[in-house]
Amino acid sequence: MNDGSYFHVNFSGLVENNNIESMEVGKNVKAVLWNGDTAGTFFRNNPNLGQFSNRAQALEIYPFKEVAPTCVRLWTKENFQGQPFDHCMNNGSYFHVNFAGSAENNNIESIEVGKRVKAVLWNGVENRTFLPSHDYSRLGEFRNRAQSLELYPSN
């Protein structure tokens with residue numbers, strides 16, 4: 001990624017084709033590995049290739065800004081794809097947002113959590129807590145079912 005905007009390489013005919021077991025991702029970029037039409041997104045703090053180990057056929061690299069320490073970034077697609085929405089705890093003690101009427105309502109599939117907050121997603125009376133400095137590429141039972149978000153300081 002020489003110009004700072006985007007890089008793509010197809011591994012067809014290269015030694016990398018279906019032959020990558022690990023990867024280091026630099027600061028301020030995200031890497032997307034492809035196997036056919038399936039993509040996996042990887043960040044500096046998430047280098048485990050999982051299902052893409054020895055199965056990657058192409059690589060894309062995009063500029064990426066890490067989530068701020070007191071914020072979360074919600075994504076409309078799994079693996080940190082789609083449209084991002086940042087929400088931040090500005091007063092240092094608590095933050096709440098109801099997604100009713102907003103693009104995030106029942107439309108979140110992955111979440112990044114800053115290092116100084118913990119996030120709680122709500123769907124009616126059901127909730128799930130997401131811990132600091134973790135990236136959740138899939139939300140399980142909360143995929144496309146989150147109706148509100150709370151942020152608390154992490155201890």
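Some values worked out for this structure:
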{"quantity": "Residue match in segment 52-59 (condition: under 21 Å from Leu139 (Cα atoms) and either hydroxyl-bearing (Ser, Thr, Tyr) or part of a loop (DSSP other than H, G, I, E, B) (or both))", "calculated": "no"}
{"quantity": "Search result, residues across segment 83-110 that are in contact (Cβ under 8 Å) with a residue 40 or more places away in the chain and either surrounded by 12 or more Cβ atoms within 10 Å (Cβ to Cβ) or part of a strand (DSSP E or B) (or both)", "calculated": "His87, Cys88, Met89, Phe95, His96, Val97, Asn98, Phe99, Glu104, Asn105, Asn106"}
{"quantity": "Selection from segment 88-103 of residues that are closer than 18 Å to Arg145 by Cβ and either in contact with a Leu (Cβ under 6 Å, 6 or more places away or on another chain) or outside the structural domain of Leu131 (by TED's automatic domain parsing) (or both)", "calculated": "Val97"}
{"quantity": "Unmet criterion (only one of (1) in contact with a Lys or Arg (Cβ under 7 Å, 6 or more places away or on another chain); (2) of a type in the set (Lys, Arg); (3) exposed (fewer than 15 other Cβ atoms within 10 Å of the Cβ)) for Arg44", "calculated": "(3)"}
{"quantity": "Which listed residue is under 30 Å from Glu150 (Cα atoms) and outside the structural domain of Pro132 (by TED's automatic domain parsing), from Asn28, Asn18", "calculated": "Asn28"}
{"quantity": "Cβ-Cβ under 6 Å pairs, at least 6 apart or on other chains, segment 1-20 side under 12 Å from Leu33 (Cβ atoms) and modelled with pLDDT of 85 or more, far side surrounded by 10 or more Cβ atoms within 10 Å (Cβ to Cβ) and of a type in the set (Asp, Glu)", "calculated": "His8/Glu60"}
{"quantity": "Which listed residue, of Lys118, Lys30, is at pLDDT below 90, under 28 Å from Pro153 (Cβ atoms), out of contact with any His (no Cβ under 7 Å at 6 or more places or on another chain) and not in a loop (DSSP other than H, G, I, E, B)", "calculated": "Lys30"}
{"quantity": "Matching residues, segment 121-155, being within 24 Å of Ala39 (Cβ to Cβ) and assigned to a loop (DSSP other than H, G, I, E, B)", "calculated": "Ser133, His134, Ser137, Arg138, Leu139, Arg143, Asn144, Arg145, Ala146"}
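The values are calculated or read from the model by the stated rules, or taken from the named source; none is laboratory data. No experiment lies behind these values; they were computed from the predicted model shown. So basically every Cβ, Gly included, is an ideal-geometry build from the backbone, and we count neighbours across all protein chains shown.
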